[in-house]
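Trainee: Here it is, the structure in full.
The values are calculated or read from the model by the stated rules, or taken from the named source; none is laboratory data. The shown structure was predicted, so the numbers you read here are calculated from the model rather than taken from an experiment. No Cβ is skipped: glycine too gets one built from the backbone with ideal geometry, and neighbour counts run over all protein chains shown.
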Amino acid sequence: MTESWPQPYHDITGTDRTHDDLLSLTEPAMRRRVAILGDALELWKSALNGGLTESSRGLYRRMTRPGIGDLVVETIGMRYPTRRDAQGDVRAVTCFGILLGTRIEWACTDEDWRRYQDEGAADGYHLPNDARVTTEAAYVQYGPSADDICRWTNCSLIAMPPDLIRSAEERQP
């Protein structure tokens, strides 16, 4: 008997966050995100390199253990906040947001799995159901709409201290 895992995105819901601009996708908010990402990178480097003091060890522990509701940053996106992907989107959009949760789930949907099995059969090999894999997925709400949800796998998320956000707000033009 094979185990049943959740489908990607199944039962993952965001929250309407239009009442604040933390997750706004407007140009001024994107400039603030890039500033926060730059500060986050420097803070992360300090936490990684500064293990000699109790405060830096505490910062490291806090940043590496994000919880549901924390503002998080995906560490690869943090390093390249202005790089554009194939669709022309700024990385700062989806690598920054509120952590909705993490869980083990199917790596692909049932529909995609059946398609892979059909394609395999057409090419002469059989994909048995016990060959299907799971992954650990993290869900981040990156925008103000409850539907602005990004699914991250094979990633490293770190929590951002609230003081970092206030500091970036003060530096806005």
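Trainee: For region 11-29, which positions are of a type in the set (A, V, I, L, M) and part of a loop (DSSP other than H, G, I, E, B)?
Mentor: Taking region 11-29 as the starting set, the residues that turn out to be of a type in the set (A, V, I, L, M) are 12, 22-23, 25, 29.
Within region 11-29, 12, 22, 23, 25 meet the criteria.
Trainee: Another one. Considering only residues that are assigned to a loop (DSSP other than H, G, I, E, B) and exposed (fewer than 15 other Cβ atoms within 10 Å of the Cβ), which ones fall in region 97-125?
Mentor: Filtering region 97-125 for residues assigned to a loop (DSSP other than H, G, I, E, B) gives 107-109, 123-125.
If the condition is that a residue be assigned to a loop (DSSP other than H, G, I, E, B) and exposed (fewer than 15 other Cβ atoms within 10 Å of the Cβ), then 109, 123, 124, 125 are the ones that fit.
Trainee: If we scan region 153-167, do we find a residue that is surrounded by 12 or more Cβ atoms within 10 Å (Cβ to Cβ), modelled with pLDDT under 90 and either of a type in the set (Ser, Thr, Tyr) or touching a Ser or Thr at 6+ places or on another chain (Cβ under 7 Å) (or both)?
Mentor: Scanning region 153-167, I find at least one residue that is surrounded by 12 or more Cβ atoms within 10 Å (Cβ to Cβ), modelled with pLDDT under 90 and either of a type in the set (Ser, Thr, Tyr) or touching a Ser or Thr at 6+ places or on another chain (Cβ under 7 Å) (or both), so the answer is yes.
Trainee: Going by the structure shown, is residue 94 modelled with pLDDT under 90 and farther than 21 Å from residue 137 by Cα?
Mentor: Judged against the criteria, residue 94 is not a match.
Trainee: A further question on this structure: If we scan region 126-143, do we find a residue that is surrounded by fewer than 16 Cβ atoms within 10 Å (Cβ to Cβ), among the aliphatic types (A, V, I, L, M) and in a helix (DSSP H, G or I)?
Mentor: Yes, that holds for at least one residue.
Trainee: Also, I was wondering about something else. As an exercise: evaluate residue 155 against (1) touching a Gly at 6+ places or on another chain (Cβ under 7 Å); (2) part of a loop (DSSP other than H, G, I, E, B); (3) within 22 Å of residue 64 (Cα to Cα) and give the number of the one condition it does not meet.
Mentor: Single failed check for residue 155: (1).
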